[in-house]
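The values are calculated or read from the model by the stated rules, or taken from the named source; none is laboratory data. For clarity, every value in this text was computed on a predicted model and none was experimentally measured. Neighbour counts are summed over all protein chains in view; Cβ atoms, including those assigned to glycine, are modelled from backbone coordinates with ideal geometry. When the accessible area is computed, the model is the full protein with side chains, heavy atoms only, and any ligands, DNA or RNA have been set aside. Shrake-Rupley method; radii C 1.70, N 1.55, O 1.52, S 1.80 Å.
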Amino acid sequence: METNKKLFADRKRTNILSVPEQKFISYLVPRIPQWITSDGLTAIGLFGSLVIFASFVLANYFDINYLWLALVGFFVQWFGDSLDGRIAYYRDKSRKWYGFALDIVMDWISTVFIGLGFHLYVESEYEIMGFLLVALYGWAMIISQLRYKITDKYTIDAGLLGPTEVRVVLCLVIVLEIFVPSSILYSVFLICIALFFINLVDTKKLLVLGDERDALEKKKI
């Protein structure tokens, strides 16, 4: 498999899995049936998030093994979320601002569903961690959008970590939970701590970028 550079010309990726991920997407895109549209892939991604949500609910009320469904949900979510914009570029039907707006809204809705599923899965005294996970990931999303506003360059990665890496980590957390019940509490706690410090560093970098743009604009006056 080779990477189709055209498909990724609109964004810079720095995440660890960017090379194999882009090669896999380049392989998949030409093979997507014509009747599956970009919006259809967005809907598929959202469905994946609903599967993750359902897996938490079913695991809470019936059996912990329903958490295996979450792994399927994460793959479906990745499939839809990663290919919706790329298929539009491949078919020369891209709508930059429509796609951008839809992608951000769907990402937030998906995050809320996953956080809500975790909230319903854990015992009441640990529900706050579901809120923290959603809030901290939301903070990371806001940083991404502000960086785009300031630099006019869109990136969805925080250094070596991107949405794909986050999905992989969450899948590992869920597998561990299946074999070691209640370990998800410690795992999510560690993820929240990591996200907090990553967001702090990225916020500092963002403010530096904002200061540099302010200085540049003042010179033009």
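Quick notes
- The set of residues from the stretch 97-137 being acidic (D, E) and over 21 Å from F47 (Cβ atoms) comprises E123, E125, E127.
- Scanning the stretch 199-209 for residues that are touching a Lys or Arg at 6+ places or on another chain (Cβ under 9 Å) and open to solvent by less than 80 Å² (accessible area, probe 1.4 Å) gives D202, L206, L209.
- The residues on offer are I150, I184, I178, I156, and the sole one that is touching a helix residue (DSSP H, G or I) at 6+ places or on another chain (Cβ under 7 Å), outside any helix (DSSP H, G or I) and either open to solvent by 30 Å² or more (accessible area, probe 1.4 Å) or at pLDDT 85 or above (or both) is I156.
- From the list W68, W78, the lone residue that is of a type outside the set (S, T, N, Q), open to solvent by less than 50 Å² (accessible area, probe 1.4 Å) and modelled with pLDDT of 90 or more is W78.
- Residue match in the stretch 128-140 (condition: surrounded by fewer than 20 Cβ atoms within 10 Å (Cβ to Cβ), free of Cβ contacts under 8 Å to residues at least 60 places away in the same chain and of a type in the set (S, T, Y)): no
- Check on F100, within 30 Å of L176 (Cβ to Cβ) and among the aromatic types (F, W, Y): no
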